[in-house]
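Here the structure is laid out as structure tokens; the discussion comes afterwards.
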Amino acid sequence: MIRSFSISFCTLSKSFRSHQLFLPQKAFPDEVLDLDKAVRTLDLTHNKLVDIPMEISKLINLQRLVLADNLIERLPMNLGKLQSLKAMTLDGNRIASLPDELGQLVRLERLSISDNILTCLPETIGSLRNLSLLNVSNNKLKTLPESIGSCFSLEELQANVAGNSM
């Protein structure tokens, strides 16, 4: 059984075999979606991805999603179907808002979305009772939603702007 799947700098690693993928610039690799239930970790850092397809919801056993340093502007509405997700890293993209469905990720423990252009967080973030780390540094946030107080497991909140506190 495949435990993790990683694409970095257009290299596909699957178990002990490696294959070169020649990804069209800014395209999400269909090969990832074909692995559906097998994928536990997906790291697509530095791939110039623009969109995350709705079909990502097929990765029902995904526990760790890393999409840092891409060109992503929005997250799919059905992101909440990734019920096994424990960690999501979206640093260094162009995300302006998070869908309300984020609150459906009830197992999420770590969310890092620094260096984006977020102006607000959804109220549903308060549903993330297992969230222990939230990094929203270097965004355009002026306030945090009141519901953040319902994140009872929250131990670390990073919300600084270029070295200053919010």
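The values are calculated or read from the model by the stated rules, or taken from the named source; none is laboratory data. Quantities reported herein were computed from a predicted structural model and do not represent experimental measurements. Ideal geometry is used to build each Cβ from the backbone, glycine not excepted, and the neighbour counts take in all protein chains shown.
Things to note:
Let's see how each residue does on (1) within 19 Å of ALA68 (Cα to Cα); (2) modelled with pLDDT under 90; (3) not in a loop (DSSP other than H, G, I, E, B):
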residue	(1), (2), (3)
HIS19	no, yes, yes
LEU23	yes, yes, no
VAL32	yes, yes, yes
LEU42	yes, no, yes
HIS46	yes, no, no
ASP51	yes, no, no
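- Residue match in the stretch 124-134 (condition: under 16 Å from the mean Cα position of the chain (by Cα) and under 25 Å from ASN47 (Cβ atoms)): yes
- Taking the stretch 98-118 as the range and being buried (at least 16 other Cβ atoms within 10 Å of the Cβ), part of a loop (DSSP other than H, G, I, E, B) and either touching a helix residue (DSSP H, G or I) at 6+ places or on another chain (Cβ under 7 Å) or at pLDDT below 95 (or both) as the test, the residues that pass are PRO99, LEU105.
- Of all residues in the stretch 119-133 being among the polar types (S, T, N, Q) and in a loop (DSSP other than H, G, I, E, B), the one that is surrounded by the fewest Cβ atoms within 10 Å (Cβ to Cβ): THR119
- Considered as a group, the residues in the stretch 87-97 that are surrounded by fewer than 19 Cβ atoms within 10 Å (Cβ to Cβ) and not aliphatic (A, V, I, L, M) include one that is farthest from ILE52 (Cα to Cα), and that residue is SER97.
- Within the option set ILE125, ILE95, being at pLDDT 95 or above, of a type in the set (A, V, I, L, M, F, W, C), in contact with a Lys or Arg (Cβ under 9 Å, 6 or more places away or on another chain) and within 21 Å of LYS140 (Cβ to Cβ) holds for one residue only, ILE95.
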